[in-house]
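Inspection log for the structure reproduced underneath, given as structure tokens.
The values are calculated or read from the model by the stated rules, or taken from the named source; none is laboratory data. These figures come from a predicted structure and were not determined experimentally. Cβ placement follows ideal geometry from the backbone for every residue including glycine, while neighbour counts extend to all protein chains displayed.
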Amino acid sequence: MNTLKTGLLLGALTGLLMLIGGWFGGRNGVVIAFLFAMAMNFGSYWFSDKIVLRMYHAQPVSESEAPELYAMVKDLALRASMPMPRVYIIPEGTPNAFATGRNEQHAVVAVTEGLLRILSRDELEGVLSHEMTHIRNRDILIGSIAATLAGAIVMLANMAQWTAMFGGGGHDDDEGGGSNIFGLIFMAMLAPIAATLIQMAISRSREFLADEGGAKISGKPYGLAGALEKLSQASRAIPMNANPSTAHMFIVNPLTGRSLMNLFSTHPPIEERIARLRSMRPM
């Protein structure tokens, strides 16, 4: 059911991109937008991990460089019957973590320096297990594609806004020019919100599944609950300079400002996640 839901949501993102293309160029615009969406899907499949890791200056670490962290990831991979992912450390004081890569054989687990400083062993195992579940459920690929398409929709919506300001519009004519310009203005306002809502719907359901799966792998739901509580408090005290298009990839939302955009948060309420974990029995 979740795979079907994700497929439908990703299809909706692609469809919205094609709708914007239609406003720019009619049928030809729809075809171009579809090809553009497919090209982005291909690019995000092969290169999303490299782009995100470079964005946050993440550095790979070997077993000799971070023996405790490396051994923990290796042990959890064995418990989950998964290949050993590559391990990266992000030079960032705000505690957080994410996973990326196109599949289990090309996966990465990245943690910030701040995360390693404030978490206990059980809490760190909980966070790593959460990210391992994202890898096993192929959430990392889905999230990368959703982020890429959502970013493209926002970009094209901004183009539509400028087109409307200067009197342009797709398939415009003397009789329908006003309505086309109105349509462009409306879409320029609606498309970013729609893209964010679709991306949010993908991420929120996946976070609950990753929390549950992470608790099962580590066998310590209370460890993950404690980690989420610490990370939530720390992210408010030490804001992270994160790109909004990648916010959904982190275990807790790095964009924690109390603004209107919190209504469109890609993460479910942290209190609900903690309550669910604390209702689970240790395994």
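A compact table of results
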{"item": "Qualifying positions in segment 109-142 - in a helix (DSSP H, G or I), small (Gly, Ala, Ser) and either surrounded by fewer than 24 Cβ atoms within 10 Å (Cβ to Cβ) or in contact with a His (Cβ under 9 Å, 6 or more places away or on another chain) (or both)", "result": "Gly114"}
{"item": "Test for Ala77: is it in contact with a Ser or Thr (Cβ under 9 Å, 6 or more places away or on another chain), crowded, with 17+ Cβ neighbours inside 10 Å and not aromatic (Phe, Trp, Tyr)", "result": "no"}
{"item": "Residues within segment 14-42 that are touching a helix residue (DSSP H, G or I) at 6+ places or on another chain (Cβ under 9 Å), in contact (Cβ under 8 Å) with a residue 24 or more places away in the chain and not hydrophobic (A, V, I, L, M, F, W, C), tallied", "result": "6"}
{"item": "Residues (of a type in the set (A, V, I, L, M) and outside any helix (DSSP H, G or I)) located in segment 20-64", "result": "Ala58, Val61"}
{"item": "Hits in segment 257-282 - residues which are over 16 Å from the mean Cα position of the chain (by Cα), outside any helix (DSSP H, G or I) and modelled with pLDDT of 70 or more", "result": "Ser279, Met280, Arg281, Pro282"}
{"item": "Glu229 vs. criteria within 21 Å of Val73 (Cβ to Cβ), of a type in the set (Asp, Glu) and in a helix (DSSP H, G or I)", "result": "no"}
{"item": "Inter-residue pairs, beta-carbon under 7 Å, first among the aromatic types (Phe, Trp, Tyr) and in segment 83-94, second surrounded by 19 or more Cβ atoms within 10 Å (Cβ to Cβ), 6+ apart", "result": "Tyr88/Leu53; Tyr88/Ala58; Tyr88/Val108; Tyr88/Ala110"}
{"item": "Yes/no for Ala77 being in a helix (DSSP H, G or I), more than 19 Å from Thr246 (Cα to Cα) and modelled with pLDDT of 85 or more", "result": "yes"}
{"item": "Candidate set from segment 1-41 (those that are under 14 Å from Ile142 (Cβ atoms) and of a type in the set (S, T, N, Q)); member that is modelled with the highest pLDDT", "result": "Thr14"}
